[in-house]
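The values are calculated or read from the model by the stated rules, or taken from the named source; none is laboratory data. Fair warning: this is a prediction, and the values are worked out from it, not measured in the lab. Every residue, glycine as well, gets a Cβ built from its backbone with ideal geometry; the counts of neighbours run over all protein chains shown. What goes into the accessible areas is simple: the full protein's heavy atoms, side chains included, and nothing from ligands, DNA or RNA. Shrake-Rupley method; radii C 1.70, N 1.55, O 1.52, S 1.80 Å.
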Number of protein chains: 2
Amino acid sequence: MLDAAVKVFSRRGFHAASMDEIAEDAGISKPMVYAYLGTKEELFVACLHREGTRMMQAIAGAAAPDLPADERLWRGLKAFFGFVGAHRDGWAVLYRQARGEQPFAGELATMRARLVEVVAGMLDHALRAEGREIAAVDLEVVAYALVGATESLADWLADHPEADPEKTATRMMNVAWLGAAQLLHGVTWRPPAD
Amino acid sequence: MLDAAVKVFSRRGFHAASMDEIAEDAGISKPMVYAYLGTKEELFVACLHREGTRMMQAIAGAAAPDLPADERLWRGLKAFFGFVGAHRDGWAVLYRQARGEQPFAGELATMRARLVEVVAGMLDHALRAEGREIAAVDLEVVAYALVGATESLADWLADHPEADPEKTATRMMNVAWLGAAQLLHGVTWRPPAD
DNA sequence: GAGCATACCTACTCGTGCGTAGGGTTACGC
DNA sequence: GCGTAACCCTACGCACGAGTAGGTATGCTC
């Protein structure tokens, strides 16, 4: 039943999706949808929640915290892109939708914040192992950028059905890890004096 | 008048924004809005278009094509974040909105495609100068990731009014350029055999 | 088989907001 | 002063879709 909702929401977008269509698609009638899952908003949140949880589990399951940073990142990315590849419409539109609609942006922001935190933690851990440190804000911003790049590639992946998730993950590693590794080794870029 | 529309669209989101509110905010009445700018969709597209054009101009004006790649990237980023910083609500919500709503996603995709193309062209140019080459797809994906990371930081910037655009641009360079530079020098990351 | 409950449906109400019809007001020509 | 034309407004029609009321069938208890 949630599956039907996810499908319709992704096909139409939150507003354009009608409860009638969801009901029809689920093979039941509208009052049933209301009985089981409440209002349209609640239904959407339920979808978002389920997909989000699944995704987080997929990632958390793959990236064990005792691995070295690059290995963790790689496995996390692989799991992430694998998940998106397997749930293309689920991801694409739930995610894109939720981003725009104020009532749900919060829910999503929390999810992203968790991811950012994980990535930032990972970087921080790796940095300390190298005997280095950077300001928490910088760390957060870098993590944010990495997460953003990843989300962006996920969008790309969702739009390119023929693309291979693992290959995409490799490409992401090429951008992200090589850059991050530099930072870890103390190499930084500075603006020209101009 | 477009200013009013942008303001309301960003405050409310596309659907929640009512034409009445836009009209009121612009200090005129609804039929006038229709007379000048047509339907709600057309109005939104007009907003999107204007903001997009302004942004592209800001970037294009800053990143002259005859500069070296890193310098171009840096100036482009500075211009971009500067623009976002100066038009926080304009950017944030128009952009986030357009992403989700199917009728406008295309418009936005075109804009992003132009950006990706520019970035990819830049990388390609730099690569050739080093006597190297990579597949066009890889190039596109890397460019896509960079653009995505940048957009993501733009979101972050829009949500943190106290943050400094130029500093954000520097942070972005730290992630993007150090990574990209590695690629340019032929350093790549490969997945472990496992 | 009568009484009852559970599961579900059809068919409605009602609010909301886009787009417009038709009327008032001011300025100008004659 | 009267016609008229440009301009802008108030006030409405209308469609659409969320949420619900009230009725119907199926199965279960005694």
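Points worth noting:
- For chain A, a Gaussian network of Cα nodes joined below 10 Å ranks A:Ala143, A:Ala63, A:Ala26 by mean-square fluctuation, and the top entry is A:Ala26.
- For chain A, the longest principal axis of the C-alpha atoms and the axis of helix A:136-159 are separated by about 50°.
- A probe of 1.4 angstrom, applied to the heavy atoms of all protein chains, finds B:Asp164 with accessible area near 80 square angstrom.
- Cross-link partners for B:Lys167 among the aspartates and glutamates, with Cα-Cα distance under 18 Å and sequence neighbours closer than 8 places in the same chain left out: A:Asp138, A:Glu140, A:Asp194, B:Asp70, B:Glu71, B:Glu151, B:Asp155, B:Asp159.
- Here the range A:2-184 is described by how far its Cα atoms reach on the three principal axes: 61, 33, 26 Å, from widest to narrowest.
- Contact order relative to length of chain B, as percent, for alpha carbon pairs under 8 angstrom and 6 or more apart: 22
- Unit charges on C-beta of K, R, D, E only; dipole of the range A:2-184, Debye: 100
- Average beta carbon contacts from partner chains per residue of A:147-158, 10 Å cutoff: 6
- Exposure check, 1.4 Å probe, all protein chains in place: A:Arg54 carries approximately 90 Å² of accessible surface.
- Sorting A:Arg128, B:Arg75 by accessible area puts them as A:Arg128, B:Arg75; the probe is 1.4 Å, largest comes first, and only protein heavy atoms count.
- Gyration tensor verdict on the protein assembly as shown (Cα atoms; rounded if a/c is under 1.5, prolate if a/b is larger than b/c, oblate otherwise): oblate
- Charge sum, other residues only, whose C-beta stays under 13 Å from B:His125's C-beta, Lys/Arg counted +1 and Asp/Glu -1: -4
- Calculated mean residue ellipticity at 222 nm for the protein assembly as shown: -26500 deg cm²/dmol, from DSSP H runs with n ≥ 4 weighted as -39500 (n - 2.57), summed, divided by the residue count and rounded to 500.
- Given R0 = 56 Å, the distance between the Cβ atoms of B:Gln57 and A:Asp66 translates into a calculated FRET efficiency of 0.65.
- The solvent-accessible area of A:Leu123, taken with every protein chain present and a 1.4 Å probe, is close to 20 Å².
- Shape category assigned to the range A:132-194 from the gyration tensor of Cα positions, a/c cut at 1.5: prolate
- Which listed pairs, of A:Lys78/B:Lys78; A:Lys7/A:Lys78; A:Lys40/B:Lys40; A:Lys7/B:Lys30, have C-alpha distances above 26 Å, in listed order: A:Lys78/B:Lys78; A:Lys7/B:Lys30
- Stretch gain in nm, segment A:Ala105-A:Arg50, where the contour uses 0.36 nm per residue and the Cα spacing is subtracted: 18.2 nm
- A Cβ-based charge dipole, computed about the Cα centre of the protein assembly as shown with Lys and Arg at +1 and Asp and Glu at -1, lands at about 80 debye.
- Modelled FRET efficiency - R0 51 Å, A:Arg128 with B:Ala35, Cβ distances, 0.05 increments: 0.20
- Average beta-carbon neighbours from other chains, 10 Å sphere, peptide A:176-188: 5
- Computing FRET efficiency as 1/(1 + (r/R0)^6) for A:Val137 and B:Ile28, where r is the C-beta to C-beta distance and R0 is 41 Å, gives about 0.40.
- For the range A:20-61 versus the range B:75-104, the gap between their alpha-carbon centres in whole angstrom: 30
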